[in-house]
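Colleague: Take a look at this one; I'll ask things after.
The values are calculated or read from the model by the stated rules, or taken from the named source; none is laboratory data. On a predicted model such as this, the values are computed, not experimentally measured, just so you know. Reconstructed Cβ throughout: ideal geometry from the backbone, glycine too, with neighbour counts over all protein chains shown.
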Amino acid sequence: MDIDSFSTKQEEVISVADLNRYVAQVLGQQVPMLWVKGEISNLTIAASGHWYFSLKDDSAMVSSVMFRGRAASVGFRPQNGLEIEALGQVGLYEPRGTYQFIIEQMRQAGKGNLHEEFLRIKNKLMQEGLCDSHRKKSLPSFIKTVGIVTSLGAAALQDVLTAIRRRAPYINIIIYPSLVQGKEAPYALSHALMQAKQRQEVDVLLLVRGGGSIEDLWAFNDESLARLIADMPMPVVSGVGHETDFTIADFVADMRAPTPTAAAELVSVTTESWLSLLEGYRQRLSRGFAHRMQNFSIRVDRVSMRLVSPQQRLAQLQQKYHYLQKTLHQAIQQMLREKASDLSQEIRALQAASPAVEGYYQKVGHLTTRLNRMMPLVLQKKHAQLQAKKEALQAYNPRAILKRGYSITYNSQAHVVKHANTVKAGEKLRIELGNGQLEVVVLAEEN
């Protein structure tokens, strides 16, 4: 049923749903969009994102709703007791027949057009990415010079200077004076920032001002100023107003401090903190150096245990020679005993096999004589072989080589010199001879 077909004849009976639908249509067509001022109460933020609350003043109250799509554009979070100005349309919730105010826009009471302009600029810059965290610069690890953009007569300047001098007197301070309030303030602030940008003389820049109303702080909401802040080559810390004050400069700056004093504390590491940090580095360096020295000492010990000097090597070879000589002698003796045993067995076997023992005795005597004659020759041959091996071992002895007229040359680092191009004229060398050493100086090198 619509308004045109709706009949008000007394005898016609309609349903409750038709009645509520009719009233909803009348309200929608007859009552225009309105700005309504009131205080939020009974606030409920549903899981769906819709806001349900009552809007009241001293005399009346109206149920209100702001759906999720519209609520997302509000630049603040509602709370009970907050006074707002809301633009909306009167409607009827037909299932229950309750009258409600459906809100399209909302702003905090008293801020009016300035707050709307603030939100417009903020949303524009955020959409362009000027407020993104990935483009913000980090503060230097060590700050030597701090620039301050503010008014020379501002109390915030004295707060910043006091905080920096108290915490970090080693920091140099450069002030770029500027207006911080009024119509000319945005231009003055931009001019001060341009000076800092051109001079390139500070590590970080503080943009500070004390608290005030939205009108007092409006210069820091200027769009051109915000773009200049985002384009500064050095990090910019915004410390404008009190902790609850927010300006566009806060969103585009590389870091936001709740107060001017807090901004000063962000960029001024105390001397005690630096000393503590340096002490930590010193202890880590000391422990690391001691650990490396221990590792090097262990490596040296392991390498030295694997090294064998020529004298030790010669002693090992001599010991091996004596062992081989003794083993050979024992082997020959064992062989002789075995041959003698075999010979005795053969004699006994011959005696048992043939009664002609005398002939065999003669043969045995002949073999014995032959064996006694050959044995010295075998021993002499083996001894000659041992002597040849001994002489070969002696030939490998570096000392023996030196005694034949050769020498070994060492440089100043005790390294053996193998090529003439590894030494230079004037360099001192040590020459080891078969008997003694010589210290010499190189007159010239010839390749």
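Colleague: Pull up the stretch 140-154, narrow it to residues that are surrounded by 11 or more Cβ atoms within 10 Å (Cβ to Cβ) and under 21 Å from LEU189 (Cβ atoms), then point me to the one that is modelled with the lowest pLDDT.
Modeller: ALA154
Colleague: While we're on this one: Out of TYR170, TYR176, TYR187, I need the residue that is in a loop (DSSP other than H, G, I, E, B) and either surrounded by fewer than 22 Cβ atoms within 10 Å (Cβ to Cβ) or at pLDDT 90 or above (or both). Which one? I'd like the intermediate steps shown before the answer.
Modeller: Working: TYR176 fails: in a loop (DSSP other than H, G, I, E, B); TYR187 fails: in a loop (DSSP other than H, G, I, E, B).
The conditions single out TYR170.
Colleague: Something else now. Is there a residue being of a type in the set (Val, Ile, Thr) and touching a Pro at 6+ places or on another chain (Cβ under 8 Å) anywhere in the stretch 288-306?
Modeller: At the first step, the residues of the stretch 288-306 found to be of a type in the set (Val, Ile, Thr) are 298, 300, 303.
Still in the list and also touching a Pro at 6+ places or on another chain (Cβ under 8 Å): none.
Checked the stretch 288-306: no residue is of a type in the set (Val, Ile, Thr) and touching a Pro at 6+ places or on another chain (Cβ under 8 Å).
Colleague: Oh, and also: Quick one: which residue in LEU324, LEU317 is in a helix (DSSP H, G or I), in contact (Cβ under 8 Å) with a residue 60 or more places away in the chain, over 30 Å from ALA444 (Cβ atoms) and within 60 Å of the chain's Cα centre (by Cα)?
Modeller: None of the other options fit; the residue is LEU317.
Colleague: If you don't mind, there's one more thing I want to ask. Test of understanding: among GLU439, GLU432, which residue is without any contact (Cβ under 8 Å) to a residue 12 or more places away in the chain and in contact with a Leu (Cβ under 8 Å, 6 or more places away or on another chain)?
Modeller: Values: GLU432 fails: without any contact (Cβ under 8 Å) to a residue 12 or more places away in the chain.
Just one listed residue meets the conditions, GLU439.
Colleague: Would you point out the residue of the stretch 43-87, among those that are in a strand (DSSP E or B) and touching a helix residue (DSSP H, G or I) at 6+ places or on another chain (Cβ under 9 Å), that is surrounded by the most Cβ atoms within 10 Å (Cβ to Cβ)?
Modeller: My answer is TRP51.
Colleague: Go through the residues of the stretch 95-114 one by one and say whether even a single one is part of a strand (DSSP E or B), modelled with pLDDT under 90 and of a type in the set (Ser, Thr, Tyr).
Modeller: Yes, some residue in the stretch 95-114 is part of a strand (DSSP E or B), modelled with pLDDT under 90 and of a type in the set (Ser, Thr, Tyr).
Colleague: Mind checking which residues of the stretch 33-73 are under 12 Å from ALA86 (Cα atoms) and acidic (Asp, Glu)?
Modeller: Hit for the stretch 33-73 is GLU39, nothing else.
Colleague: Can you confirm whether the stretch 390-398 contains a residue that is at pLDDT 85 or above, of a type in the set (Gly, Ala, Ser) and more than 55 Å from the chain's Cα centre (by Cα)?
Modeller: Within the stretch 390-398, not a single residue is at pLDDT 85 or above, of a type in the set (Gly, Ala, Ser) and more than 55 Å from the chain's Cα centre (by Cα).
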